[in-house]
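K.L.:
After the structure tokens below, expect a handful of questions from me.
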Amino acid sequence: MRSILLTGALVLAVPASANAAEQAGFGQIDADNDGAVTWTEVLDRHRTAFERMDKNGNGTVDQAEFAAFPGIVAGGRGQDQAMRDRRFQRFDGNGDGRLGFDEYSGGHRRMFDRADANDDGRVTRQEFADLRQARRQQARGQ
């Protein structure tokens, strides 16, 4: 299964209105409006989110800052605290309880690469939609 956090909103059972929101989020990342996102476009989005999460401006994000971030990049609206904690721990590669931007973006890079089904360095709307469908099926145990 391929997984990605392009918008950080991988909701297991997504109503139609959320699908529209996810596609709108995709469109916000797709800076050149070519119907696909590149790693550079995703990285720019995550850099902005990281800077917003880093409330004390020390260049790292601790677990409290990560958990408090209202945006969907850190964990998604509707995710419980345990899920956000697990996501933080996955990103915290050195286990020091703080995320540097390299750790944060590295986790997203691995997800981007897995989502790029044809390995062309771009994730299309179709690859994004296929991913969402696969996640829903996985959540339903299919």
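Yes/no matrix, rows are residues, columns are (1) crowded, with 19+ Cβ neighbours inside 10 Å; (2) touching a Ser or Thr at 6+ places or on another chain (Cβ under 9 Å); (3) at pLDDT 90 or above:
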| position | (1), (2), (3) |
| --- | --- |
| Gln23 | no, no, no |
| Phe26 | yes, yes, no |
| Thr38 | yes, no, yes |
| Leu43 | no, yes, yes |
| Arg47 | no, yes, yes |
| Phe50 | yes, yes, yes |
| Thr60 | no, no, yes |
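K.L.:
What's the number of the condition Ala74 fails, among (1) under 15 Å from Arg45 (Cβ atoms); (2) at pLDDT below 90; (3) outside any loop (DSSP other than H, G, I, E, B)?
P.N.:
(3)
K.L.:
Next up: I'm checking my understanding of the structure. Among residues of region 77-98 that are part of a loop (DSSP other than H, G, I, E, B) and surrounded by 14 or more Cβ atoms within 10 Å (Cβ to Cβ), which one is modelled with the highest pLDDT? Break it down stepwise before answering.
P.N.:
Residues of region 77-98 that are part of a loop (DSSP other than H, G, I, E, B), as a first pass: 77-80, 92-97.
Checking the rest, the ones that are also surrounded by 14 or more Cβ atoms within 10 Å (Cβ to Cβ) come to 79, 92-93.
On the way: Gln79: 60, Asp92: 93, Gly93: 90.
Only one residue fits best here, namely Asp92.
K.L.:
Give the residue that is modelled with the highest pLDDT, with candidates limited to residues of region 99-142 that are aromatic (Phe, Trp, Tyr) and closer than 20 Å to Asn33 by Cα. If you could, list the steps in order and put the result at the bottom.
P.N.:
Our first condition is that a residue be aromatic (Phe, Trp, Tyr); within region 99-142, this holds for 101, 104, 112, 128.
Narrowing the set further to residues that are closer than 20 Å to Asn33 by Cα leaves 112, 128.
On the way: Phe112: 87, Phe128: 83.
Top of the filtered list is Phe112.
The values are calculated or read from the model by the stated rules, or taken from the named source; none is laboratory data. Just so you know, these numbers come straight off a predicted model, no measurement behind them. Here the Cβ is made from the backbone with ideal geometry for all residues, glycine too, and neighbour counts use every protein chain on show.
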